[in-house]
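Working notes for the structure below.
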Amino acid sequence: MKKPESRMKTMVAAALTAVWLSTAMAQTPVVAPKNKYSPAEDVKLGVEAAQQVDKEMPVMRDEQVNSYLSAIGRRLAENIPPEFRHPEFRYTFTGVNVRDINAFALPGGPMFINRGMIEKAHTEGEVAGVMAHELSHVALRHGTAQQTKATPYAIGQIAGAIAGAIIGGTRGQILSQATQFGIGTYFMKFSREYEQQADILGSHIMADAGYDPRDMANVFKAIEKESGPGGPQWMSDHPNPGNRFEYINREAQLLKVNGATRDSRDFQQVQAYLRTLPKAPSMEELSKNSNAGRTSGGGGSVPDTRPSTGNIPRPDSRTQTYSEGNLFRVTVPSNWRELGSTNSVTFAPEGAYGTVNGGSVFTHGVEIGMNRSESHDLQTATDELLQSLRQSNPRLSASRGYDRVTVGGRQGAHTSVSNVSDLTGGQEAIDIYTTLLPDGSLFYVLGVAPREDYSAYSGVFRTVVRSIQFTR
Ligand SMILES: [Zn+2]
């Protein structure tokens, strides 16, 4: 005979299991990716990058705007699930006086929201949706997790790269006009996997904070449709993992979102207030002004130091070996200087490098860096690299095909293209060597020389590529 009590226990246990199951099925679980950095390092990186943002972007000191954003932000931050809370993190929410729809958050908590984002949102829920997504990247520590996967570079170099990426695209020309892409973008463009995580966690946070996650789906759809310059920027930093609109809506159905805040009086008021302010500039306008300032040397900016177009010393037959982060070693002619950049590393002879319109350029030498790729196919990834190069070098020729080579002991590709130098108007020859790294990113070496000097350089480029040894 069974004791009623034990039967009771079984029933309770069954009921508990049912509750547990329904909880487990209520929402998609999110697990923060592996991360070799400490939360304190996230904070340090974020603080440094935020200082750069303060210097380079028209950050708003407007009390009304910032306190409105902070009120939404705090409400969301308070609803970050306990497992993703880091006591070191300090979430701050600041407006940026730019018309383009965009927002970004830095490791450890500083978040910046473009004025255009608030102006173009239909509801407060839409603003909260973008913020919840950004907040989730921070809470899940995606910035440093991405580097755990990929970066060989020392922690100190990362802050600049992160800020470079933020300012990227338009003002990022300051950092890398020669190539217009680079490790900066590589760091901040999140993978589709991280995007989906930020969407899912963002939905949970929104629901817990009393917002409707469907507003996040709506705002992303609106941003995708936006043909203005701000839309694509946000989209390229936060690529749609596919079916974004559908899975966020599905997640919203699993969450309790009754009586959620969509619109609010504060939202109406802040929008009305923004309409009374002078129109915000676009990123493009800002970038033009900043470059104009640089060329004239005014406003405390650094005047151009154009590369010499005269005699460049021939590559020395003596060599010097450099160790780059803990990624690779490379040997170059001893009369080439190492030009550390946050985006990549360039080795060039004296007189062959400088800045033009605030962007760095070089006429002879090699640039070594990485380009993010999700193709997992060497030729496709190299084509993507050429595509990005062409954005800043519109007269770059197409590749006539690839040779198989070895780069750092890995299977690689080589191609030669030509370009017309903006600086001299002359023909440039560019040798491109690439290989895919284990994480799928593209490692590249660009050898650049004017057409008339190419015969003296192509062999040197080959020797430089042969010297490359990956050290991890
Ligand atoms: Zn994202």
Practice task
Can you run down the residue pairs with Cβ atoms below 9 Å, 6 or more apart or on separate chains, where the first is in segment 271-295 and basic (Lys, Arg) and the partner is surrounded by 14 or more Cβ atoms within 10 Å (Cβ to Cβ) and modelled with pLDDT of 95 or more?
Solution key: Arg275/Glu119
Handout entry: Failed condition for Thr424, given (1) assigned to a loop (DSSP other than H, G, I, E, B); (2) under 27 Å from the mean Cα position of the chain (by Cα); (3) of a type in the set (Val, Ile, Thr)
Key = (2)
Handout entry: Answer from Ala252, Ala207 - the residue that is away from the ligand (no atom under 16 Å from the Cβ), in contact with a helix residue (DSSP H, G or I) (Cβ under 6 Å, 6 or more places away or on another chain), in a helix (DSSP H, G or I) and small (Gly, Ala, Ser)
Key = Ala252
Problem - Conditions (1) under 23 Å from the mean Cα position of the chain (by Cα); (2) of a type in the set (Phe, Trp, Tyr); (3) within 19 Å of Tyr273 (Cα to Cα); number of the one not met by Tyr68 - result: (1)
Handout entry: Subset of segment 442-472 (residues that are surrounded by 21 or more Cβ atoms within 10 Å (Cβ to Cβ) and part of a strand (DSSP E or B))
Key = Leu442, Phe443, Tyr444, Val445, Leu446, Gly447, Val448, Ala449
Practice task
Might you check whether a residue that is touching a residue at least 60 places away in the same chain (Cβ under 8 Å) and within 16 Å of the ligand (Cβ to nearest atom) occurs anywhere in segment 57-68?
Solution key: no
Problem - Test set (1) under 21 Å from Arg74 (Cβ atoms); (2) under 21 Å from the mean Cα position of the chain (by Cα) - Asp212 fails condition number - result: (2)
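The values are calculated or read from the model by the stated rules, or taken from the named source; none is laboratory data. Fair warning: this is a prediction, and the values are worked out from it, not measured in the lab. All Cβ positions, glycine included, derive from the backbone under ideal geometry; neighbour counts span all protein chains shown.
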